[in-house]
Amino acid sequence: MDYRAVQVNSSWRCAVNLEELNLPFFPEQVERLLNELGFRCLEIDLLAAARGCVGKSAYALSADPRHAPRTVNCSSFIKYLYSLRGVWLPRYAVQQSELGAPVAIGSKLRLGDLLFSPGFFPLSRDRDGAGGLGHVGLATGEGSVIHASKHQGTVREVPLDAYLGMREGVHSIKRLIPDPDLTLTYLIPTNSFLESSDDVRWLAHTNLRR
């Protein structure tokens, strides 16, 4: 899966799965090259970052993503979390739902899976709003969901069953990082330009000999 680089504060980062690049080099060679070029691998705890916002981030319906995590809505909260992981996401839940791999409803959820709830939103792809989305939350992989709650005015962690009851079920589930253990988050050095994880392919071909 190709991941688009994202800016976090004054620096840029990008998630990369070296195994998926199908390069004629060993992943260890590419890792060593990235280190030599000044890329730094970051350890990101997505669950800790999400729980760190519980009861602290303020909810605002039209929250500006640039103000996260201080102020969030449901989708800007998700956008913020994945930016830490080096994955750029669009700002609206409807747009976010079009990315990633589908997960069958009722299957075991992993940390990072996105649960989209039905509801009307003007950005629905249908002219009448049918099939629209109303909310998005993050699965913890531990039987709960963390989401920015309009009614609670902040970020909350709730049991999965309670979340589904509040949100009138699930519209769809998406998995943005299928192989989290193999997907690394790199801090991009200021003297390099990387638009997406696919650009690592060209760095490798340019700098490594077969």
- Item | Scan of region 172-185 for residues that are under 28 Å from Leu133 (Cα atoms), of a type in the set (Val, Ile, Thr) and part of a strand (DSSP E or B), ordered by number | Ile173
- Query: Failed condition for Ala93, given (1) at pLDDT 95 or above; (2) closer than 20 Å to Tyr3 by Cα; (3) buried (at least 19 other Cβ atoms within 10 Å of the Cβ), with all others met?
  - Reply: (1)
- Item | Test for Ala60: is it under 13 Å from the mean Cα position of the chain (by Cα) and surrounded by 15 or more Cβ atoms within 10 Å (Cβ to Cβ) | no
- Query: Which members of region 147-173 meet the condition of being at pLDDT below 90, surrounded by fewer than 18 Cβ atoms within 10 Å (Cβ to Cβ) and within 22 Å of Ser62 (Cα to Cα)?
  - Reply: Met166
- Considering only region 6-18, state which residues are under 22 Å from Leu111 (Cβ atoms) and not in a helix (DSSP H, G or I). Val6, Val8, Arg13, Cys14, Ala15, Val16, Asn17
- Message: Conditions first: (1) within 25 Å of Gly165 (Cβ to Cβ); (2) part of a helix (DSSP H, G or I). Ala49 passes all but one, so which condition is the exception?
- Response: (1)
- Query: Are any of the residues in region 72-88 without any contact (Cβ under 8 Å) to a residue 24 or more places away in the chain, part of a loop (DSSP other than H, G, I, E, B) and at negative phi?
  - Reply: no
- Does region 7-29 hold any residues that are among the aromatic types (Phe, Trp, Tyr) and within 30 Å of Pro65 (Cα to Cα), and which are they? Trp12
- Message: Give all pairs with beta carbons closer than 7 Å in which a residue from region 168-187 that is within 22 Å of Ser117 (Cβ to Cβ) meets a residue that is surrounded by fewer than 18 Cβ atoms within 10 Å (Cβ to Cβ) and of a type in the set (Gly, Ala, Ser); count only pairs at least 6 apart in sequence or on separate chains.
- Response: Lys174/Ala101; Arg175/Ala101
- Message: So for region 19-40 (the condition being in contact (Cβ under 8 Å) with a residue 12 or more places away in the chain, within 26 Å of Pro118 (Cβ to Cβ) and outside any helix (DSSP H, G or I)), does at least one residue qualify?
- Response: no
- Message: Suppose we filter region 186-210 for residues that are assigned to a strand (DSSP E or B) and touching a helix residue (DSSP H, G or I) at 6+ places or on another chain (Cβ under 8 Å); how many remain?
- Response: 1
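The values are calculated or read from the model by the stated rules, or taken from the named source; none is laboratory data. Bear in mind the structure is a predicted one, so any value in this text is a computation, not a measurement. Positions of Cβ are generated from backbone atoms using ideal geometry, with glycine treated the same way; all protein chains shown enter the neighbour counts.
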